[in-house]
């Protein structure tokens, strides 16, 4: 705190105080609005129930949703998305939480190198990563398979899982684990009965984050998914290219709702984790 | 043998009867031995050939400033750090290379280290669960432990709902419940305020005496060490520089460091010299000749020779009274420390401090000329290493 306050510089006043105070938030809200409004527009369009995408809607109808849930193609895509996202969440959480524990507690040779490698998917452009994964999976025969997509998404989501769950682990007291060790608890008992019960909010948040990122990931999946394994965003993208079916508005609304709901839960969990 | 005895002792048993334990075949043998232990990091020696043996039922305090090696030694005993060389023997068993979990040693931490997600009951039951003790027995032993620490009504609370002192009691109960042969305490009262600290000192001492616990206690607080210990190991620079009973180490320290650590006052340099009657005396540039009891034979030369006189051994001399060491002095200051009052006086260019019971003598104020003195046996010669 002190070091931070020592280097903080008081901003120069180039506008009256109240105006300057209002400037940044206003500008932020304008920029935010410009990005969000097009997304919001999709919601009324999804309730228009017509053969084309129209705005403003002339009537209220759930037709597009009926068509969405009645269509084999969309249902398959939704099911595939849920399967892939769940698989990714489980796999990424298992690997990521263990890795986070290792990074937070361990002092081992090559720690920083492994850390860098773990975070590299965040640094590499998505298309480059997608191409690399595609070429590699083609050799292994993993393209167009659900397992392949889950693996690829796991790599992509791992950094987020590690960051989210290690922030929770950093807050717990090492001495509690030493105390448990001295009382004779095994590593497994310490992880399951001492560490995880203390960090479950951040572990759950990281699992949901993995689910979320996987659920609306399009680029990587576009490269490796085949006809039978396409996820919801991939099917949306291709339907947009071939025929602009208004069902896409319903799909987009559902995707958005899910995403926002999960983000809200994650935010609440993370808050809870940092409060404790 | 010692180990079986320690294991067999239940936490509810009556105080260990000293005569009974003297009759046992090997009662005075150490329960725990640190044998020539060193710890070196690449260029720093954190612990330099430390040896210590702890008797059953003994309260040993590792005392020293930060960086003296006391925490390193504690970590090595706990098993959190491996020594570079040397051995650890627990009841005759070599535990140097054993992981912390199989050593069976108990530990109480400064920050309590209770499991925050478990209730008090679950916390205390945890070591018993790991030892697969039957449920009924666990309930019985946890209840007993809570009675011992005089907190029977908090079983279902979470640690954060308790005060600091209560949490530390629970942490102690969590140790008592599995009957470890020795209990380590790492500055356990450091996080508590002064009043509570004194109360907990008494509490820990009571448990130690009643249950015959063997405790290794770490602190940097000399008063705490003096109050609680059977034996103090004063540590400095990775070594045990002095070891002894609190009264001995306080009134007759051997080194200037020890004298300084238990109150940094009235320690002066000196030279070895001989008095008119042939007895050894110490010569000080400011005070002249200082009489001592006994000889300076153990101090081969004057190099590093210091001497000390504790403030409570110096008294105010009335007219016609005399003392082995007597000086005229001027009162510089007067400071009240509750039951004791300190007088800061000047003799020539030397400053001495003397302690009196508050209100015990005629009022002496700043600037008064007085006469002070102390007997020869109150002068303690010290080495500086």
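Exactly one of these conditions fails for residue B:349: (1) within 33 Å of the chain's Cα centre (by Cα); (2) surrounded by fewer than 19 Cβ atoms within 10 Å (Cβ to Cβ). Give me its number.
The one condition residue B:349 does not meet is (1).
Restricting to strands (runs of 3 or more DSSP E) lying wholly in segment B:31-132: which have 2 or more residues that are away from chain A (no Cβ under 14 Å) and in contact (Cβ under 8 Å) with a residue 40 or more places away in the chain?
In segment B:31-132, the matching strands (runs of 3 or more DSSP E) lie at B:32-40, B:45-54, B:59-63, B:85-90.
Output the residue which, of all residues in segment B:221-245 that are surrounded by fewer than 20 Cβ atoms within 10 Å (Cβ to Cβ) and touching a strand residue (DSSP E or B) at 6+ places or on another chain (Cβ under 7 Å), is nearest to residue B:209 (Cα to Cα).
B:230
Only residues in segment A:22-41 that are closer than 23 Å to residue A:56 by Cβ count as the first member; pair them with residues that are modelled with pLDDT under 85, Cβ under 7 angstrom, at least 6 apart or cross-chain, and list the lot.
Filtered contacts from segment A:22-41: A:41/A:55.
Only one of B:188, B:180, B:127, B:152 is out of contact with any strand residue (DSSP E or B) (no Cβ under 7 Å at 6 or more places or on another chain) and under 19 Å from residue A:175 (Cα atoms); which?
Only one candidate qualifies: B:127.
Only one of (1) under 30 Å from residue B:109 (Cβ atoms); (2) touching a helix residue (DSSP H, G or I) at 6+ places or on another chain (Cβ under 9 Å) fails for residue A:107. Which number is that?
(2)
Take residue A:33 and tell me if it is assigned by TED's automatic domain parsing to the domain that holds residue A:191 and either more than 25 Å from residue A:216 (Cα to Cα) or assigned to a helix (DSSP H, G or I) (or both).
no
Would you mind telling me which numbered condition in (1) under 13 Å from residue A:89 (Cβ atoms); (2) within 14 Å of another protein chain (Cβ to nearest Cβ) residue A:188 fails?
Against the list (1) under 13 Å from residue A:89 (Cβ atoms); (2) within 14 Å of another protein chain (Cβ to nearest Cβ), residue A:188 comes up short only on (1).
Restricting segment A:143-154 to residues that are buried (at least 19 other Cβ atoms within 10 Å of the Cβ) and modelled with pLDDT of 90 or more, which is farthest from the other protein chains (Cβ to nearest Cβ)?
Checked segment A:143-154; the qualifying residue farthest from the other protein chains (Cβ to nearest Cβ) is A:148.
Here is a list: B:146, B:184. Which entry is assigned to a strand (DSSP E or B) and either without any contact (Cβ under 8 Å) to a residue 40 or more places away in the chain or within 12 Å of chain A (Cβ to nearest Cβ) (or both)?
Of B:146, B:184, the one residue that is assigned to a strand (DSSP E or B) and either without any contact (Cβ under 8 Å) to a residue 40 or more places away in the chain or within 12 Å of chain A (Cβ to nearest Cβ) (or both) is B:184.
What are the residues in segment A:217-235 that are under 26 Å from residue A:206 (Cβ atoms) and either free of Cβ contacts under 8 Å to residues at least 60 places away in the same chain or surrounded by fewer than 17 Cβ atoms within 10 Å (Cβ to Cβ) (or both), if any?
A:218, A:219, listed by residue number.
State the number of residues belonging to segment B:83-94 that are touching a strand residue (DSSP E or B) at 6+ places or on another chain (Cβ under 7 Å) and buried (at least 20 other Cβ atoms within 10 Å of the Cβ).
Residues meeting the conditions: 3.
Can you name the residue in segment A:191-202 that is within 7 Å of chain B (Cβ to nearest Cβ) and buried (at least 19 other Cβ atoms within 10 Å of the Cβ) and is also nearest to the chain's Cα centre (by Cα) among such residues?
It comes out as A:198.
Can you name the condition, by its number, that residue B:165 falls short on among (1) part of a loop (DSSP other than H, G, I, E, B); (2) more than 12 Å from every other protein chain (Cβ to nearest Cβ); (3) touching a helix residue (DSSP H, G or I) at 6+ places or on another chain (Cβ under 6 Å)?
Answer for residue B:165: the failing condition is (1).
Here are some conditions: (1) within 11 Å of residue A:247 (Cβ to Cβ); (2) touching a helix residue (DSSP H, G or I) at 6+ places or on another chain (Cβ under 7 Å); (3) in the same structural domain as residue A:152 (by TED's automatic domain parsing). Residue A:70 meets all but one. Which one does it not meet?
The one condition residue A:70 does not meet is (2).
Residues in segment A:199-214: is at least one free of Cβ contacts under 8 Å to residues at least 60 places away in the same chain and more than 17 Å from residue A:270 (Cα to Cα)?
Within segment A:199-214 (the criterion being free of Cβ contacts under 8 Å to residues at least 60 places away in the same chain and more than 17 Å from residue A:270 (Cα to Cα)), the answer is no, since none of the residues qualifies.
Are any of the residues in segment A:105-119 closer than 30 Å to residue B:103 by Cα, assigned to a helix (DSSP H, G or I) and in contact (Cβ under 8 Å) with a residue 60 or more places away in the chain?
Checked segment A:105-119: at least one residue is closer than 30 Å to residue B:103 by Cα, assigned to a helix (DSSP H, G or I) and in contact (Cβ under 8 Å) with a residue 60 or more places away in the chain.
Is there a residue being closer than 30 Å to residue A:237 by Cβ, assigned by TED's automatic domain parsing to the domain that holds residue A:228 and part of a helix (DSSP H, G or I) anywhere in segment A:95-103?
Yes - at least one qualifying residue is present in segment A:95-103.
Is it the case, given these coordinates, that residue B:312 is surrounded by fewer than 18 Cβ atoms within 10 Å (Cβ to Cβ) and over 29 Å from the mean Cα position of the chain (by Cα)?
Judged against the criteria, residue B:312 is not a match.
Please determine, by comparing only the residues of segment A:159-179 that are assigned to a loop (DSSP other than H, G, I, E, B) and facing another protein chain (nearest Cβ under 9 Å), which one is farthest from residue A:121 (Cα to Cα).
Out of the qualifying residues, it is A:173.
Is there any pair linking a residue in segment B:204-217 that is part of a helix (DSSP H, G or I) to one that is at pLDDT 90 or above, with Cβ under 6 Å and at least six apart or on different chains, and which?
Hits for this filter: B:205/B:228; B:208/B:59; B:208/B:215.
Quick check on my filter: what residues within segment A:240-276 are closer than 21 Å to residue A:67 by Cβ, in contact (Cβ under 8 Å) with a residue 12 or more places away in the chain and surrounded by 15 or more Cβ atoms within 10 Å (Cβ to Cβ)?
Hits for segment A:240-276 are A:246, A:247, A:248, A:249, A:250, A:251, A:252, A:253, A:254, A:255, A:256, A:258.
The values are calculated or read from the model by the stated rules, or taken from the named source; none is laboratory data. Every value quoted in this text rests on a predicted model; they were computed, and no experiment measured them. Glycine gets a Cβ as well: all are built from the backbone with ideal geometry, and neighbour counts include every protein chain shown.
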